[in-house]
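The values are calculated or read from the model by the stated rules, or taken from the named source; none is laboratory data. The structure presented is a predicted model; accordingly, all values stated were derived computationally and were not measured. Cβ atoms come from the backbone with ideal geometry, glycine included; neighbour counts cover every protein chain shown.
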Amino acid sequence: MRKLAWTTLTMLAILGGATLQAGAKDWKVVTIATEGAYEPWNLTKPDGTIDGYEPELLRNLCGRMKLECKIVTQDWDGMIPALQAGKIDVIMDALSITDERKKAIDFTLPYASTPGVFVSDKTGPLAKAPGSGTTIKLANDGPTPSMDDLRKAFKGKTIGLQTATVYEPFVVNNFKDEATIKEYKTAAEHDIDLVTGRIDLTFDDATYFTAAFAKPDNKDMTYTGPQIGGAVWGPGEAFGIRKEDGDLIGLFNAALTEATKDGTVRTLSLKWFKLDVTP
Amino acid sequence: MGLDLPFLFDTLRQLLAALPVTLALFVLSISFGAVLALGLTAMRLSGIGILDRLARAYVFVFRGSPLLIQMFFVYYGLAQFPAVRHGPLWPVLRDPFACAVIALALCTAGYATEIFRGAILAIPHQQVEAARAAGMSGWLLLRRMILPIGLRQALPAYSTELILMVKSTSLASVITVIEVSGVAQHIIAQTYRTMEVFLCAAMIYLVVNFTIARLVALLEHALTPHLRGQPLSVIAAAAAVPVERAALH
């Protein structure tokens with residue numbers, strides 16, 4: 001009985017301590033979730049450490065904010081629920097700002113703005129789809145006449161997408177009547193299925209593909225059709241933060257504004273993407 | 001968290017639309033898996049060293065490794081080999097649904113083999129000897145004695161395996177098969193309402209598994225008339241018969 005009482009007391013003490021810690025929000029330690037598998041945005045190095053455009057930018061920002069930043073890796077599809085449940089404080093995973101997501105979470109200022117693009121097999125019939133090598137800007141993700149030529153070219157084909165990305169509504173709205181759409185948990189998985197011929201096309205971030213193409217297995221992958229940018233993907237990619245943590249958003253925004261002004265964002269962008277994605 | 005009934009109904013409707021896929025995955029993989037397991041059980045009990053070893057190795061691999069990894073191997077792993085992509089089996093292995101059925105069947109066969117083996121070994125020796133004394137052997141012995149009694153004894157453990165398999169079908173969503181939990185994750189990705197959607201999905205799995213458990217219990221009841229207490233009316237009727245006639249029975 002006494003033992004039970006002690007255990008209960010200890011547990012109460014631990015719980016009490018935890019509550020106290022959670023209550024005091026003067027932000028010394030921030031937990032940031034990333035996928036660690038979306039090169040060059042974020043990647044896991046062979047020794048297990050996380051690197052890439054976002055982690056390097058984050059380290060720079062955390063220095064400016066004088067915060068201790070703890071990066072954890074987890075699957076993309078559980079990230080927003082994890083943020084809402086308080087398991088993490090910040091999402092950093094090429095997260096595009098959208099109205100739908102704004103209902104659930106808040107965003108910092110964007111730190112990148114990148115186009116999306118179709119990719120197919122270099123040796124296949126879809127390698128030079130209409131509009132290849134051009135850039136177009138779309139205002140929204142609804143069906144648009146500028147996709148008419150591509151719709152014709154992709155009739156009866158299968159398109160692979162990473163689930164729950166900004167690209168999903170655009171591709172579904174424009175191609176669902178002509179093509180079959182398959183959803184994958186990670187971008188690497190749609191790449192495998194493209195290479196093995198299970199699907200004919202994938203659609204994803206152009207900067208993601210620059211890194212994916214560099215892998216020996218993906219040597220036959222090529223961009224096809226126009227690079228698609230503009231307001232369709234929203235203002236750009238930003239950190240996702242809980243709605244009630246406005247103070248944290250303020251800290252990040254101040255640091256981001258500084259880093260954009262002094263050219264840090266541009267330098268890191270050129271280092272990782274070989275192009276300037278500063279919004 | 002307020003209760004949003006229209007959202008719950010809409011979620012349930014979308015999830016139920018995917019239920020046929022979940023059930024098809026289950027029925028097909030259990031069917032193939034059970035046949036495979038019967039073969040493996042026969043190998044295990046054959047008394048022939050090499051067959052026994054092969055079956056043991058199979059059980060070791062498929063029972064000992066995670067189903068998720070087996071599924072990745074069947075779907076993504078095999079496709080890495082050009083020989084597979086240009087081989088005769090590619091039309092089957094290209095299809096995620098077929099890959100999911102193959103992985104699920106291979107895995108359940110490993111578990112079912114051990115369940116079947118245990119059930120057959122548990123058949124009392126006296127009963128087998130009695131059957132042999134009555135002139136049964138070979139297929140007749142197998143058909144009349146070993147299979148019916150073995151099946152009956154395997155049912156309690158096998159029903160657990162069936163229920164585990166219903167839940168395992170949810171892994172098929174990782175290789176792009178759109179079944180109940182895959183749809184659930186898709187809805188969550190769009191609405192960010194984790195709890196409500198997963199609750200609806202869990203309810204569907206509960207109802208399916210309850211039905212399966214009841215069906216197996218019915219089958220078990222039907223197969224074990226000799227283990228049930230006699231109805232009171234029968235006992236009363238027996239008591240009413242004169243002693244010498246009852247003894248003749």
>> Could you go through the range B:179-187 and let me know if any residue there is free of Cβ contacts under 8 Å to residues at least 40 places away in the same chain and farther than 13 Å from B:THR22 by Cβ.
In response: yes
> Under the condition of being loosely packed, with under 13 Cβ neighbours inside 10 Å and not in a loop (DSSP other than H, G, I, E, B), which residue from the range B:62-79 is farthest from the other protein chains (Cβ to nearest Cβ)?
Replying inline: B:GLY64
> When residues of the range A:131-161 are filtered for being under 19 Å from the mean Cα position of the chain (by Cα) and modelled with pLDDT of 90 or more, how many remain?
Replying inline: 2
> How many residues are within 19 Å of the chain's Cα centre (by Cα) and in contact (Cβ under 8 Å) with a residue 24 or more places away in the chain when one looks only at the range A:162-178?
Replying inline: 9
> Among the residues of the range A:104-129, which ones are surrounded by fewer than 22 Cβ atoms within 10 Å (Cβ to Cβ) and more than 18 Å from the chain's Cα centre (by Cα)?
Replying inline: A:ASP121, A:LYS122, A:THR123, A:GLY124, A:PRO125, A:LEU126, A:ALA127, A:LYS128, A:ALA129
>> Taking the conditions exactly as written (over 22 Å from A:GLU237 (Cα atoms) and assigned to a strand (DSSP E or B)), does A:SER120 satisfy them or not?
In response: yes
> How many of the residues in the range A:163-177 are surrounded by 22 or more Cβ atoms within 10 Å (Cβ to Cβ) and facing another protein chain (nearest Cβ under 10 Å)?
Replying inline: 1
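In the set A:LEU83, A:LEU126, which member is closer than 15 Å to A:ARG242 by Cα and either in a loop (DSSP other than H, G, I, E, B) or hydrophobic (A, V, I, L, M, F, W, C) (or both)?
A:LEU83
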>> I'm checking my understanding of the structure. Among residues of the range B:149-178 that are in a helix (DSSP H, G or I) and within 14 Å of chain A (Cβ to nearest Cβ), which one is surrounded by the most Cβ atoms within 10 Å (Cβ to Cβ)?
In response: B:ALA172
>> Go through the range B:119-144 and report how many residues are more than 30 Å from B:PHE26 (Cβ to Cβ), part of a helix (DSSP H, G or I) and either of a type outside the set (Val, Ile, Thr) or modelled with pLDDT of 90 or more (or both).
In response: 13
> Does the range B:89-99 include one or more residues that are part of a helix (DSSP H, G or I) and away from chain A (no Cβ under 14 Å)?
Replying inline: no
> Does B:ALA42 meet the test of being more than 21 Å from B:ILE175 (Cα to Cα), in a helix (DSSP H, G or I), small (Gly, Ala, Ser) and modelled with pLDDT under 95?
Replying inline: yes
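Inspect the range A:95-103 for any residue being within 14 Å of chain B (Cβ to nearest Cβ), crowded, with 22+ Cβ neighbours inside 10 Å and touching a residue at least 12 places away in the same chain (Cβ under 8 Å) and give the result as yes or no.
yes
Yes/no matrix, rows are residues, columns are (1) over 29 Å from B:GLU179 (Cα atoms); (2) touching an Asp or Glu at 6+ places or on another chain (Cβ under 8 Å):
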{"site": "A:ALA188", "(1), (2)": "no, no"}
{"site": "A:ILE199", "(1), (2)": "no, yes"}
{"site": "A:TYR223", "(1), (2)": "yes, no"}
{"site": "A:ILE228", "(1), (2)": "yes, no"}
>> Pull out all pairs, ordered by first then second residue, where Cβ-Cβ is under 6 Å, the residues are six or more apart or on different chains, the first lies in the range A:257-279 and is over 15 Å from A:ASN42 (Cα atoms), and the second is among the acidic types (Asp, Glu).
In response: A:ARG266/A:ASP276
>> I'm trying to understand the selection: among the residues of the range A:178-211, which are small (Gly, Ala, Ser) and either within 12 Å of another protein chain (Cβ to nearest Cβ) or buried (at least 23 other Cβ atoms within 10 Å of the Cβ) (or both)?
In response: A:ALA187, A:ALA188, A:GLY197
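Within 11 Å of chain A (Cβ to nearest Cβ), under 22 Å from B:LEU67 (Cα atoms) and either surrounded by 16 or more Cβ atoms within 10 Å (Cβ to Cβ) or in contact (Cβ under 8 Å) with a residue 12 or more places away in the chain (or both): does that describe B:THR194?
Here the answer is no, as B:THR194 does not meet what is asked.
Condition (residue is surrounded by 13 or more Cβ atoms within 10 Å (Cβ to Cβ), part of a loop (DSSP other than H, G, I, E, B) and of a type in the set (A, V, I, L, M)) applied to the range B:205-217: is it met by at least one residue?
Scanning the range B:205-217 turns up no residue that is surrounded by 13 or more Cβ atoms within 10 Å (Cβ to Cβ), part of a loop (DSSP other than H, G, I, E, B) and of a type in the set (A, V, I, L, M).
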> Has the range B:179-191 got any residue that is in contact with a Lys or Arg (Cβ under 9 Å, 6 or more places away or on another chain) and more than 14 Å from chain A (Cβ to nearest Cβ)?
Replying inline: no
> Filter the range A:58-90 for residues that are free of Cβ contacts under 8 Å to residues at least 24 places away in the same chain and not charged (D, E, K, R); which is farthest from A:THR186 (Cα to Cα)?
Replying inline: A:GLY63
